[in-house]
Structure formats: structure tokens, C-alpha cells
Amino acid sequence: MRIDVLTLFPGLFPGPLAESIPGRALASGAASLQAHDLRDWGLGRHRSVDDYPYGGGAGMLLRPEPVMEALDAVAPRDAGGLRILLDPGGTRFDQSVARRLADEPHLVLVCPRYEGIDDRVRSVIDLELSIGDYVLSGGEIPALVVIDAVLRLLPGVIDEASPEDESFATGLLEYPQYTRPAEYRGLRVPDVLLSGHHGEVERWRRAQALERTRRVRPDLLSQD
Ligand SMILES: C[S@@+](CC[C@H](N)C(=O)[O-])C[C@H]1O[C@@H](n2cnc3c(N)ncnc32)[C@H](O)[C@@H]1O
């Protein structure tokens, strides 16, 4: 998979994606990641990228030209990359979206700053994504979140069974897990996990996943 990020802060990439599982995904060649400085497409001597909103209002907006020209250069329409705009008003990013994106050969993530972006840019975007109902200062952290979630789903990046077992993969939260020691500060690992009975362990895990989901995220059980 190829991933391009359009940002005013290319130094934020790969950032945390250089470590651990995403770091291995990038080092192994399962994916490539390149951050492009939107200022390279800025206007005039000062490489200006922002301006005041028509009609007034607080703050500045990212102008359309730097973003649209960067998209033309990095991901021309006929090359088929999926153009994603990070935006609080976008589709809520979740594990099913991550799975869909993991099947794409080329993702292009646009990270606005300021009060957002000139609305005309949306006309050349394929998908708008929000990582939750709160406002961050820019699209870079949301882009890092999206990329991390996608990289771990690429074939061969982690143990094949793990992504299928994790929270949300089955529509449920993950069951409780334990490692050694079997008892710590009076807290014992459930006997069933020490029993060696594979079938019972599976039944217990399924029941625990259901119980935990019902208790803390009942909304997941009412989704289709
Ligand atoms: C300060 S925010 C702009 C918020 C915008 N004025 C609004 O009210 O929707 C700047 C940029 O950060 C990014 N951003 C902030 N929160 C986000 C979220 N929850 N999900 C995705 N992107 C977000 C978006 O790219 C946004 O354009």
C-alpha cells in the first residue's frame, strides 16, 4: 500500500508510526508513507496557504489552490488513489472503515489546519473522515490514527489471528486477557484459562466479550 499525506507539518510523520507494529509495517515494505509539505504549493514569495473567510468570522482557512494542486501532483485523478479529507464533520472512523481502507492500494490523506479548508476542496475528495466528536487543532493526529489502524490490518503485519480477535472485529469488545503470574496481590486468573480445555476457554471468552460489550458499549449490540 502507498500512503501520501498532505500537511503543513510534514515533520509530524512518521512520528509514532516509526515504532512497534506500524514501524515494522513500514520497514518491511508492506506500506510506504510519504508526507508532503502543502507549502510547496503555496502562493507567492511567502508560499502563503491561508486566507480570511469570505463573509467574515473567526480565524483563517486553508486556500483551495495549494491543496488542489498538491492533489493533482501527488495523486492525479487517473492514478486512482483514494483521497481522504480529515474533518470533524466526516464519516465516523471505525474498524469497519479501517478494514475497507486496508484493501485500497493508495491512500491520500489531506490534513487541514486553521479553521478548516475552503469548501470547494470537498469536490475533489472521495471520503471525509472524523475520528470522533471533538475538535483537534489539525488533521495530522487524526491521520496518524487512521494510518495506524490501517497498517496493522495489512497482510503479514501482525499474527493473522490477532486482528480477527480484537475489539470491534466481531462487533464485540475483546474478552479479558491475562498473563503470568497466575495470582498477583490476591487477584487470580480465572481457572478456566488455566484448565487447558480449548473449547471451554473459547466459550468463556465469547461469554465475557458479550457481557463486557453489554455492560460498557451496549450500542455495539444494536448495530447491524
Ligand atoms: C480547528 S479544526 C477546524 C474545525 C472546524 N472549524 C469545525 O468547526 O468543524 C482544524 C482541522 O483539524 C482537523 N480535525 C479536528 N478535529 C477533527 C476530528 N475530530 N476528526 C478529524 N479531523 C479533525 C480537521 O482537518 C480540521 O479542518
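The values are calculated or read from the model by the stated rules, or taken from the named source; none is laboratory data. A quick note: this is a predicted structure, and the numbers were derived from the prediction, not measured. Cβ atoms come from the backbone with ideal geometry, glycine included; neighbour counts cover every protein chain shown.
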Checklist entry - Filtering the range 97-115 down to residues that are more than 16 Å from the ligand (Cβ to nearest atom) and touching a residue at least 60 places away in the same chain (Cβ under 8 Å), which residue is farthest from I131 (Cα to Cα)? => result P105
Next on the checklist: Being touching a residue at least 24 places away in the same chain (Cβ under 8 Å), in the same structural domain as L127 (by TED's automatic domain parsing), within 15 Å of the ligand (Cβ to nearest atom) and assigned to a loop (DSSP other than H, G, I, E, B) is the requirement here; does A30 meet it?
Outcome noted: no
Checklist entry - When the range 30-47 is examined, which residues are found to be surrounded by 14 or more Cβ atoms within 10 Å (Cβ to Cβ), of a type in the set (G, A, S) and either more than 18 Å from the chain's Cα centre (by Cα) or farther than 22 Å from E19 by Cβ (or both)? => result G42
Checklist entry - Scanning for something among the basic types (K, R), on the phi < 0 side of the Ramachandran plot and away from the ligand (no atom under 16 Å from the Cβ), does the range 116-125 turn up at least one residue? => result no
Item to check | the range 75-99, residues that are over 27 Å from E164 (Cα atoms) and in a loop (DSSP other than H, G, I, E, B) | outcome: A75, P76, G80
Checklist outcome for this item: Within the range 104-134, residues being within 13 Å of R92 (Cα to Cα) and either surrounded by fewer than 16 Cβ atoms within 10 Å (Cβ to Cβ) or not β-branched (V, I, T) (or both) number 7
